[in-house]
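Participant: Sending over a structure as structure tokens; questions will come in a sec.
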Amino acid sequence: MLSHRPGTSRHLFSFLPRGGLRRDLWVSTADAAAFSVMVGCGETYLPAFALALGMGPVAAGLVASVPVLAGAVMQLVTPLGVARLGSNRAWVIACTTLQAISFLPFIIFAIRGHARLWELLVAASVYWAAGMAGAPAWNSWMGTLIPDRMRTSYFAQRNRLGQFGVFVGFVAGGALLQFGERRGAVLTAFAVLFVTAAVCRLVSTGLLASCREPKRPLPAADRAGAGAAGPLEKLRDAIAAMAAAPSGALVAFVCSFAFACQLSAPYFTPFMLREMGFSYGAFMLVIGTNFLGKALALPALGRLGSQIGSLGLLWVGSLAIIPLALLWLPSASVPYLVGVQLVAGACWAAYELAVAILFFDAVSHHERTGVVTAYNLGLAIATVAGAGFGGLLLRALGEDQTAYFTVFAVSSLLRLATIPLLRRVRLAQGQQE
């Protein structure tokens, strides 16, 4: 078994032979680090970038949510693209390359100092489309690469490093923006952030290119038949297969839970930067603590997941997340919110690790690309619907502090309402823990 102890990373894969799987796992872990720094200094600052361009809180919320739906629709071509290339690996590399290039419009907007909302939405949609189109293929690729016995412990370690990467990228980005704010050059600082994010994604792409694909998704004789079915037909087939499978209940719960969480999540950034008047430094400290909390909690959560199983870990994470939005109501002081975010990071780490493992436990290898594609679309619809409902409620209530607190409270109540769906989640036959 993999070691879960902090500080033993150099022994992480010592039981594996040199080369082969051991090398691939190291490469995959390094990819997670580079990708996560990109997320920390690029993706997470997109709503703040919208505010810096002079847009309002609802617009910032739309930038954080609507492109996710556009990306999910575009990723319907993933099964066809994988079948055409005959390789999950090749498709993933093409998508990550496009995602690196997608930062170019943001750099241009920052340099010229303005952008229309539709321009920002289109650019963000390309970013999300490239990322989400590669996700189903990456899941299938990793499913053939990582042995069953290693998944919980490996993903706990990989996710931990990833959260540290997001934290490093986010903190560096916040420090740079604070520096730029003091010198009246915030948009220049954003341009530097997006250049850095693009470089990190290119590094991630290079690492992915050096990783093996031990099992191709389809034999050459089947690719023509796979390509004959269009994306919508494949989506329909995947949904039909999920309806009677354990993956269906999991997808229904996760999407419903996402709707409830996204009702408030996109509006924490405008709440802090606009309503509370936080500096970029304070904003970085509060949000960055969430990523740190995830990273610190993951070793213990890996051990816990091995003891109670991925389904038990899902219950722990989900129940703990329900009241988190309410914890923003008592105080808006930075020290208090730092404590809240540490707790929130640990809760979300449990939930995200459980969902990642359950997709391997509840979905067979041959179904995984289609199921993850359908899941991503459902999740994106839930994300946009939740953010849209939250934005309408926020605007109807006047976009003041009371309005924000109402949105946070409604979000927690809707999270609680998803518990009956959580009770229906089961593992596939042969995966009982």
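Participant: Checking Ala349 against (1) open to solvent by less than 10 Å² (accessible area, probe 1.4 Å); (2) over 19 Å from Thr44 (Cβ atoms), which single condition isn't satisfied?
Facilitator: Here Ala349 meets the rest and fails (2).
Participant: Suppose we filter Phe253, Phe291, Phe259 for residues that are closer than 25 Å to Leu69 by Cα, modelled with pLDDT of 90 or more, open to solvent by 10 Å² or more (accessible area, probe 1.4 Å) and not charged (D, E, K, R); which single one remains?
Facilitator: Among Phe253, Phe291, Phe259, only Phe259 is closer than 25 Å to Leu69 by Cα, modelled with pLDDT of 90 or more, open to solvent by 10 Å² or more (accessible area, probe 1.4 Å) and not charged (D, E, K, R).
Participant: Output the qualifying pairs, or none if there are none: Cβ atoms under 6 angstrom, residues six or more apart or on different chains, first residue in the stretch 185-213 and open to solvent by less than 40 Å² (accessible area, probe 1.4 Å), second residue among the basic types (Lys, Arg).
Facilitator: From the stretch 185-213, the pairs are Glu213/Arg89.
Participant: Look at Ala110 and say whether it is closer than 26 Å to Ala387 by Cα and modelled with pLDDT of 90 or more.
Facilitator: It is true that Ala110 is closer than 26 Å to Ala387 by Cα and modelled with pLDDT of 90 or more.
Participant: Just wondering, is there one or more residues in the stretch 161-172 that are open to solvent by 40 Å² or more (accessible area, probe 1.4 Å), in contact (Cβ under 8 Å) with a residue 24 or more places away in the chain and not in a helix (DSSP H, G or I)?
Facilitator: no
Participant: Restricting to the stretch 60-111, count the residues that are of a type in the set (Val, Ile, Thr) and open to solvent by less than 40 Å² (accessible area, probe 1.4 Å).
Facilitator: The qualifying residues number 8.
The values are calculated or read from the model by the stated rules, or taken from the named source; none is laboratory data. This structure is a prediction, so every number in the text was calculated from the model and none was measured. Ideal geometry is used to build each Cβ from the backbone, glycine not excepted, and the neighbour counts take in all protein chains shown. Just the protein is used for accessible areas: all its heavy atoms, side chains included, with ligands, DNA and RNA removed. Shrake-Rupley method; radii C 1.70, N 1.55, O 1.52, S 1.80 Å.
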